[in-house]
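Remarks on the structure that follows.
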Amino acid sequence: MQKFLSNMSARALWACGAAALFILVIIARLVYLQIIVADTYAAQAEAQRTCEVEVSAKRGAIYDRNGNVLAMSVDATTVYVNPSQIVDAEAAADILVQMLGGDRSSYLTALTKQNVTFAYVYRKCDVEKAASLKQLYKDLQAKVIAGTASSNPLTGIYFLADSKRVYPYSEIGGQIIGYVGVDGHGLSGLELEYDTILSGTDGEIVTEKGKGGISIPGGVVSQVDAVDGQDIVVSLDINLQQALEEALTSNVSASGAASGYGAVVDGATGEIYACASLPLYNLSSVNTSLSGSSTCKAISNVYEPGSCFKVVTATALLDSGLAGLEEDIEVPASLVIYDHTIKDSFVHDADTEDWTLKQVIAKSSNIGISLFSQRLGYADFYGYIKKYGFGSKTGVDFPGEAAGILANYSNWSPIQRANISFGQGISVTTLQLTSFFGAIINQGVYCQPHFLIAEPHSDSTLSYSSQQICASLTASKVIKACEAVVKSGGSATDVNIDGYQLAGKTGTAQIADGSGGYLPDSYTYSFVGFLTNTNSKLTCAISIGQPTTSVTPAKDAFKSVMRSAIDLYQITNN
């Protein structure tokens, strides 16, 4: 009997232990479900019974300096689908193609997606097209209700108020304005540079859905309103921009050239009035625009400036006091530096001639500027070039700017130093060159080039750097040398505009082949300059690569742009 009781007691203990263990397991499971993974499961449950739809913010507009709208957002409609509700994907796709256009296979992909309750059908559709599709849905649904149709193939198609970007001037200024992707964010140009300001903050609508993923009427769980972006005003003048683009296009076409870059900058402020390169970028048909057209090569590409750079060397000589504008120097017909021979592009009347620094610039003498530059030590010459803004980015508010190429002076050979003095062996951007010449007409004060000039809806104050890169007296002397370029005996007498005094510099540079040499018979022709007898400090630079005719495209394009500026701003003589 005692043994029986002992066995009963052991079994009871085992049963109690098992029961306790079971209870502990249940408690542990409850703790795990209600505390440890509660948030995860709640989120999963929420996701199963709700649908999140992004509401795009309306993007701010971009205006030019005269208030012309360069980019703006207009009402649009985004069409989306709950694929689980589609009863006939083939029929629905046919209707969508008929009503909205587009690709049938893309529609079918959206309509037949598995295990999702949301898919985009057509983002940022024209309001009128979407309204027609919505009306067709209502008409088909009325037939179902009336019993004359068994189903509505558009069941599951929904509409969301949206906005889309439009560009009133199409390709004019397209590279600078830039482009916005379907997600509403900038992809290039100023649209990308100022995306944070322009884009605003997207909102979100969370709605409840019932069986089969069908949205419950009025079942809005939460809604976060979109915060619209802010407008900006930029320095472009769309009319001068058009004049620049037309001048580049016509002169590149007439000369059979391969490329054309141009920029117009106000030397007094650094504001960029126009900037372009060919081919142009059409914002109304970006998908069919030529490859590379979205990049403004006047900012992003570098080239050897050729004789335009002689003005940089002359500025350094004058500012250092190592040469005078009217100082004579013997200029031979050729100059040998080690085994390298430097020649001029024109025939000397005598084997050796005495020319002043001003004449060297006016006649564009490689030999003359090389001899003058020998007065500058390597480190000093390099320092002046850097001070004048070459070999470094300008800091312009635009994506993809190139810094140019300037080897450190410690690696220069005598022939390299000579070559750099007349613009060979150094690479610059069109914007860098324009900005430097802008400082010359601005009494030696360099203003950082920029596009943004106002944020109408912001309290922020815009400011840009400026610095005296050469003495005012030096700048005045350089202007006189540049005036001699377009006067009798100079290299650009055909640039003159009746009634106005121009000043500038021509440039002819071989095109590098990428392997340390130069392409045969391939040149970039440039002209950069300004008006000197007016209050305007607009500076224009034009570079045209590989023309195949004897036409002077860079000078002709410059002259055309400056005439347009004179007319647009009614520039008069002092």
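Here are the numbers for the structure shown:
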quantity	calculated
Leading residue at positive end of dipole, the chain (Cβ point charges), from A362, V495, N408	N408
Rounded to the nearest 10 Å², the accessible area of R375 at probe 1.4 Å	90
Accessible area per residue in Å² at 1.4 Å probe, computed on region 50-189	45
Helical contribution to [θ] at 222 nm, DSSP H n ≥ 4, -39,500 (n - 2.57), averaged over the chain, rounded to 500	-11000 deg cm²/dmol
Relative contact order %, the chain, counting alpha carbon pairs below 8 Å whose residues are six or more apart	14
Helix 472-486 vs. the chain, principal-axis angle (Cα, 0 to 90°, nearest 10)	80
Computed E for K138/A258 - FRET, C-beta separation, R0 56 angstrom, nearest 0.05	0.50
Qualifying trypsin sites (Lys or Arg not before Pro) in region 456-491, DSSP loop, other Cβ atoms within 10 Å at most 15	K487
Sequence-separation-based contact order of region 383-430, relative, with Cα cut under 8 Å and 6+ spacing, percent	36
Rounded if a/c under 1.5, otherwise prolate or oblate - region 93-164, Cα gyration tensor axes	oblate
More than 40 Å apart - percent of Cα-Cα pairs taken over the chain	46
Long-range amide H partners of A76 with built H, under 5 Å	D162, S163, K164
Accessible area per residue, Å², region 330-430 with all protein chains present, probe 1.4 Å	43
Spin-label pair L568/D498, simplified geometry with 7 Å Cα→Cβ offset, distance in nm	2.3
In degrees, nearest ten, helix 127-146 long axis to first principal axis of the chain (Cα)	20
Residue-by-residue Karplus 3J(HN,Hα) for region 170-184, coefficients 6.51, -1.76, 1.60, Hz, glycine and proline x	6, 8, 5, x, x, 5, 7, 4, x, 9, 10, x, 5, 7, x
For A258, residues with placed amide H under 5 Å, excluding near neighbours	G545, Q546
Relative contact order %, region 342-491, counting alpha carbon pairs below 8 Å whose residues are six or more apart	27
Net charge over other residues, Cβ less than 14 angstrom from the Cβ of S421 (K, R count +1; D, E count -1)	+1
Heavy-atom accessible surface of the chain: percent carbon and sulfur, 1.4 Å	52
Table column - 3J(HN,Hα) (Hz), region 521-536, Karplus curve with 6.51, -1.76, 1.60, x for Gly and Pro	6, 10, 9, 9, 9, 10, 8, 9, x, 7, 8, 10, 10, 9, 7, 6
Order by protection proxy (mean Cβ within 10 Å, highest first), peptides 449-460, 509-520	449-460, 509-520
Whole-Hz ³J(HN,Hα) from phi, Karplus 6.51 cos²θ - 1.76 cosθ + 1.60, for region 76-85, glycine and proline x	8, 10, 9, 9, 9, 9, 9, x, 5, 9
Segment Q98-L290, length gained on full extension (0.36 nm per residue, minus Cα span)	66.2 nm
Neighbourhood net charge (12 Å Cβ-Cβ; Lys/Arg +1, Asp/Glu -1) for C296	-2
Whole-angstrom gap from region 381-424 to region 486-522, using each part's C-alpha centre	19
Nearest 10 degrees, 0 to 90: helix 553-569 Cα axis against the chain principal axis	70
Förster radius 41 Å - calculated FRET efficiency between T201 and S472, Cβ distance, rounded to 0.05	0.30
Amide proton proximity set for Y273, modelled H, under 5 Å, gap of 5+	V264, V265, D266
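The values are calculated or read from the model by the stated rules, or taken from the named source; none is laboratory data. As the structure is a computational prediction, the values presented were derived from the model and not from experiment. Counting neighbours? That spans all protein chains shown, and the Cβs are built from the backbone with ideal geometry, glycine included. Protein only, heavy atoms only, side chains kept; ligands, DNA and RNA dropped before computing areas. Shrake-Rupley method; radii C 1.70, N 1.55, O 1.52, S 1.80 Å.
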